[in-house]
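Chemist: The structure's right below; bear with me while I get my questions together.
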Amino acid sequence: SEIRIQQAQKMESVGRLAGGVAHDFNNMLGVILGHTELALLQADEHHELHDDLKEIQKAAKRSADITRQLLAFARKQTISPRQLDLNDTVERMLNMLRRLIGEDIDLVWQPSAHLWPVKMDPSQIDQILANLCVNARDAIGGVGKLTIETGKKSFDEEYCSKHPGFIPGDFVLLAVSDNGCGMDKEVLGNLFEPFFTTKDVGKGTGLGLATIFGIVKQNNGFINVYSEPGQGSTFRIYLPRIFTNDG
Ligand code: ADP
């Protein structure tokens, strides 16, 4: 649809800009970090400048994290798509994801049997899952439940004409649901905008969902978001099935 095309163009120009800026910025951060470390060698815990230098170091490291994320977003990372069973890819990530969301959140895994294969770079699935789970964790902000689900879904022309954003065909579903704070219309409308975030400075970059959008689009899939303020959210990622000789 119109909005999606505009979105894609905006992402491309943001990507080009971000890539150039992030690269130069990263070099400068290297200089700041290097000199801070040198200064820290001379200013041990007892030195009056020690705490200030530590703060500079912390902020510079955090900035380096952000630029790295920006570079990853801007760069069309070289990807090697291959035939995948999404259940295997998710299962390999579960332990990492449990660590990411912490012990207060129950992770429920609901794989659907006999998935169709998809053709993707598995690290892109990892990136999608990690970003969605961090968002779910932040939306829950305490004790809660996060569900990861897979499925097989087919949509025909008639269904798609009634459901904007849906594409006809056979898709493998990857869904992440949380019972967190949910989103109002305002947030839902800006969700995939690069740099849109409601998180505190230093906590969010607003690049997580923009990155996911880029990955899913690159793989000819689409995303559907359902959310109810105060109830929670569900992100459904649909990836086109591929057909193989062995059925
Ligand atoms: P970031 O996480 O850095 O803020 P994202 O692009 O991943 O960037 O998310 C953008 C915004 O969308 C978040 O700041 C938050 O307001 C909202 N959001 C994303 N996922 C969820 C979720 N599961 N529940 C509630 N709000 C969400």
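Chemist: Name the residues in segment 225-247 that are among the aromatic types (Phe, Trp, Tyr), more than 8 Å from the ligand (Cβ to nearest atom) and not in a loop (DSSP other than H, G, I, E, B), would you? Working first, answer last.
Modeler: Filtering segment 225-247 down to residues among the aromatic types (Phe, Trp, Tyr) leaves 226, 235, 238, 243.
With the extra rule that they be more than 8 Å from the ligand (Cβ to nearest atom), the set shrinks to 226, 238, 243.
Residues satisfying the conditions are Tyr226, Tyr238.
Chemist: Identify the residue in segment 179-225 that is hydroxyl-bearing (Ser, Thr, Tyr) and touching a Phe, Trp or Tyr at 6+ places or on another chain (Cβ under 8 Å) and, among all such residues, is nearest to Asn135 (Cα to Cα).
Modeler: Step one: of segment 179-225, the residues hydroxyl-bearing (Ser, Thr, Tyr) are 197-198, 205, 211.
From what's left, touching a Phe, Trp or Tyr at 6+ places or on another chain (Cβ under 8 Å): 205, 211.
Values: Thr205: 12, Thr211: 13 Å.
Per the stated criteria, the residue is Thr205.
Chemist: Quick check: anything in segment 150-170 touching a strand residue (DSSP E or B) at 6+ places or on another chain (Cβ under 9 Å), small (Gly, Ala, Ser), free of Cβ contacts under 8 Å to residues at least 60 places away in the same chain and near the ligand (Cβ under 9 Å from one of its atoms)?
Modeler: no
Chemist: Then there is this: Among the residues of segment 125-142, write down those that are over 16 Å from the mean Cα position of the chain (by Cα) and within 11 Å of the ligand (Cβ to nearest atom). Working first, answer last.
Modeler: So the first thing to find is which residues in segment 125-142 are over 16 Å from the mean Cα position of the chain (by Cα), and the list is 140-142.
Within segment 125-142, Ile140, Gly141 meet the criteria.
Chemist: Do you know which of the residues in segment 39-86 that are polar (S, T, N, Q) and surrounded by 11 or more Cβ atoms within 10 Å (Cβ to Cβ) is modelled with the lowest pLDDT?
Modeler: Residues of segment 39-86 polar (S, T, N, Q): 42, 57, 63, 67, 69, 77-78, 80, 83.
Still in the running and surrounded by 11 or more Cβ atoms within 10 Å (Cβ to Cβ): 57, 63, 67, 69, 77.
Values: Gln57: 94, Ser63: 87, Thr67: 81, Gln69: 75, Gln77: 60.
Of everything passing the filter in segment 39-86, Gln77 is modelled with the lowest pLDDT.
Chemist: Tell me which residues, restricted to segment 128-147, are touching a helix residue (DSSP H, G or I) at 6+ places or on another chain (Cβ under 6 Å) and either free of Cβ contacts under 8 Å to residues at least 12 places away in the same chain or not polar (S, T, N, Q) (or both).
Modeler: Selection gives Ile128, Leu129, Cys133, Arg137, Leu146.
Chemist: Here's another thing I want to ask about it. Do you know which of the residues in segment 199-224 that are closer than 24 Å to Asp104 by Cβ and loosely packed, with under 15 Cβ neighbours inside 10 Å is nearest to the ligand (Cβ to nearest atom)?
Modeler: Checked segment 199-224; the qualifying residue nearest to the ligand (Cβ to nearest atom) is Lys199.
Chemist: Select from segment 127-182 the residues that are out of contact with any Pro (no Cβ under 6 Å at 6 or more places or on another chain) and of a type in the set (S, T, N, Q) and list them in ascending order.
Modeler: Answer for segment 127-182, where residues must be out of contact with any Pro (no Cβ under 6 Å at 6 or more places or on another chain) and of a type in the set (S, T, N, Q): Gln127, Asn131, Asn135, Thr147, Ser154, Ser161, Ser177, Asn179.
Chemist: Which pairs have Cβ atoms under 6 Å, sit 6 or more apart or on different chains, and link a residue in segment 190-204 that is closer than 21 Å to Glu55 by Cα to one that is within 6 Å of the ligand (Cβ to nearest atom) and assigned to a loop (DSSP other than H, G, I, E, B)?
Modeler: Sorted first by the residue in segment 190-204, then by its partner, the pairs are Gly204/Thr197.
Chemist: Of the residues Lys145, Lys185, which single one is more than 11 Å from the ligand (Cβ to nearest atom) and surrounded by 13 or more Cβ atoms within 10 Å (Cβ to Cβ)? Write out each step before concluding.
Modeler: Details: Lys185 fails: surrounded by 13 or more Cβ atoms within 10 Å (Cβ to Cβ).
Step by step, each of Lys145, Lys185 is checked, and only Lys145 is more than 11 Å from the ligand (Cβ to nearest atom) and surrounded by 13 or more Cβ atoms within 10 Å (Cβ to Cβ).
The values are calculated or read from the model by the stated rules, or taken from the named source; none is laboratory data. Given the structure is predicted, the values throughout are model-derived calculations rather than measurements. We place every Cβ from the backbone using ideal geometry, glycine too, and count neighbours over all the protein chains shown.
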